[in-house]
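The values are calculated or read from the model by the stated rules, or taken from the named source; none is laboratory data. Keep in mind it's a predicted model, so treat the numbers as computed, not measured. Cβ coordinates were reconstructed from backbone atoms using ideal geometry, including for glycine residues, and neighbour counts include every protein chain displayed.
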Amino acid sequence: MEGPNGESTSTDGRIPVASAASPQATIAERAKAAVAAESSLDVSIDASSLSTQNSVRDKDLRGPDFFDAANFPAIQYHGRGIRRAGDGWVVDGSLTLRGATKPVPLSFTFKGTAPAQPGKPGRVAFHATAAVKRADFGMTRELLDEIGAVSPSPDVWIEIDAELLAAPPSGSSSPRS
């Protein structure tokens with residue numbers, strides 16, 4: 001099968017999208033995409049579930065110098081509308097970390113589709129990227145030690161591989177139930 005940009009999907013219907021990069025986390029998401037300008041993306045990540053597979057580093061990341069999961073249990077992204085940008089697309093949204101909300105556009109590219117099969121919904125895969133300055137969210141530990149100042153440029157790059165499932169037809173049960 002071929003996607004709108006000529007990308008092909010695998011013959012077994014699976015789209016290889018998620019890489020083994022860290023951190024991993026518990027994520028709740030909701031995406032609505034019917035008309036690009038009316039589309040939305042809402043993601044909430046349980047900050048205490050962040051995992052790099054290194055317990056010492058995980059404790060540090062969840063602590064007060066970084067995500068401060070005890071005081072700010074959720075990392076949230078709210079995107080509204082999708083627009084074309086070059087060879088890809090952009091969701092204009094806001095990221096909330098440690099109680100600070102900043103605009104963060106999420107650029108993404110289409111990776112492929114898998115058609116619906118009996119008992120399985122259709123799927124579409126994307127790769128998305130964004131860049132932020134951690135100081136904008138109150139995470140400055142080590143910045144002063146490392147470079148002597150808070151960087152004026154982004155110093156954290158976010159990469160997301162996602163596979164979205166089509167909503168079941170109205171009146172039918174969800175394949176996840």
**Message:** Please go through the stretch 96-120 and give me each residue that is assigned to a strand (DSSP E or B) and over 25 Å from residue 167 (Cα atoms), ordered by number.
**Reply:** 96, 97, 100, 101, 102, 103
**Request:** Would you be able to say whether some residue in the stretch 93-103 is among the polar types (S, T, N, Q), free of Cβ contacts under 8 Å to residues at least 12 places away in the same chain and surrounded by fewer than 18 Cβ atoms within 10 Å (Cβ to Cβ)?
**Result:** yes
**Message:** Yes or no: the stretch 131-143 includes at least one residue that is buried (at least 16 other Cβ atoms within 10 Å of the Cβ), touching a Leu at 6+ places or on another chain (Cβ under 6 Å), in contact (Cβ under 8 Å) with a residue 40 or more places away in the chain and not in a strand (DSSP E or B).
**Reply:** yes
**Message:** Is it the case, given these coordinates, that residue 126 is closer than 24 Å to residue 51 by Cβ and modelled with pLDDT of 85 or more?
**Reply:** yes
**Request:** Would you point out which residue out of 158, 147 is modelled with pLDDT of 65 or more and among the β-branched types (Val, Ile, Thr)?
**Result:** 158
